[in-house]
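The values are calculated or read from the model by the stated rules, or taken from the named source; none is laboratory data. Bear in mind the structure is a predicted one, so any value in this text is a computation, not a measurement. In this analysis, Cβ positions are derived from the backbone assuming ideal geometry, glycine residues included, and neighbour counts consider all displayed protein chains. When the accessible area is computed, the model is the full protein with side chains, heavy atoms only, and any ligands, DNA or RNA have been set aside. Shrake-Rupley method; radii C 1.70, N 1.55, O 1.52, S 1.80 Å.
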Amino acid sequence: MDDAAIRAALAAIDVVMVETTHAGNLGAAARAMKNMGLSQLVLVNPQASIDDEAIARASRADDILHQARIVPSLTEALANASLVVGTSARSRHIPWPLLSPRELGARVASALPAGNRIALVFGRESNGLSNDELQLCHLHVHIPTDADYSSLNVAQAIQLLCYEMRLAVSGEELTSHQAWGVEWDYPLATHEQLDGMLRHLEQTLVDIDFLDPNTPKQLMTRLRRLYQRAAPDQMEINMLRGMLAQINKRLPPRSE
């Protein structure tokens, strides 16, 4: 695969930076992306601006900075993504699917041919992604580091994952295989579509008295994890929404 074809494939991958506080990290991230052929940068509520420092650190990758999409929330950044991957250095109370960068590359390479959009989400310099933000992600990726010095700059993390994305897409070392024997028949559901189904499911569970909204515990968090792990496609989400709609029709009207 030549460079043009690699760049075209990688254009379906968004690098999402959440509330970045240092302009230099914006520039360094853009440089890291351009080194590896990625071009789609999304900035969520950035605390730093694209200033002279950012442009200097970009080192002729300032086109990525100037074309970056700036959004107020992570939910908006992920609306069109079918596979969302959060970077995490910490263990969580609820286990979540966790991949190495190399495993993630293979997963992304197998998802791209069906037209899926991928989001790689990087957190704040000081404390990464919150638990709520990580729960929006289908998968978590952990970059293994030396136990005595595990601190990674966000631009370094972006460089490492962009390298793995390029390696996987180019097929230089990895051979993608289809777990189902053929190409998948429908694109994966976007984050927005999956989120809409989960909100529909939550309301239905309340309506049938399965979920008490006053004491929800972690039911919806675990159901979100279940559906994100399953990675339903758009047809499957439509079927689920259809089933929920039929259940809603059969329910007796609630008294006010």
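Annotations
- Checking each residue in region 203-216 for being open to solvent by less than 80 Å² (accessible area, probe 1.4 Å) and not in a loop (DSSP other than H, G, I, E, B) picks out 204, 205, 206, 207.
- Residue list for region 40-58, filter: farther than 18 Å from residue 166 by Cβ and open to solvent by 20 Å² or more (accessible area, probe 1.4 Å): 45, 46, 47, 49, 50, 51, 52, 53, 55, 56, 57
- For beta carbons closer than 7 Å, sequence separation of 6+ or different chains, a first residue in region 230-241 that is farther than 21 Å from residue 96 by Cα and a second that is open to solvent by 70 Å² or more (accessible area, probe 1.4 Å) and hydroxyl-bearing (Ser, Thr, Tyr), the qualifying pairs are 234/186; 235/186.
- Verdict on residue 134 being touching a Phe, Trp or Tyr at 6+ places or on another chain (Cβ under 8 Å), at pLDDT 90 or above and within 24 Å of residue 26 (Cβ to Cβ): yes
- Contact annotation: residue pairs with Cβ atoms under 8 Å, 6 or more positions apart or on different chains, pairing a residue in region 112-130 that is in contact (Cβ under 8 Å) with a residue 40 or more places away in the chain and more than 20 Å from residue 164 (Cα to Cα) with a partner that is in a loop (DSSP other than H, G, I, E, B) and open to solvent by 20 Å² or more (accessible area, probe 1.4 Å), are 124/19; 124/21; 125/21; 125/22; 125/153; 126/21; 128/89; 128/90.
- Output for region 21-39, where each listed residue is open to solvent by 40 Å² or more (accessible area, probe 1.4 Å) and within 20 Å of residue 129 (Cα to Cα): 21, 22
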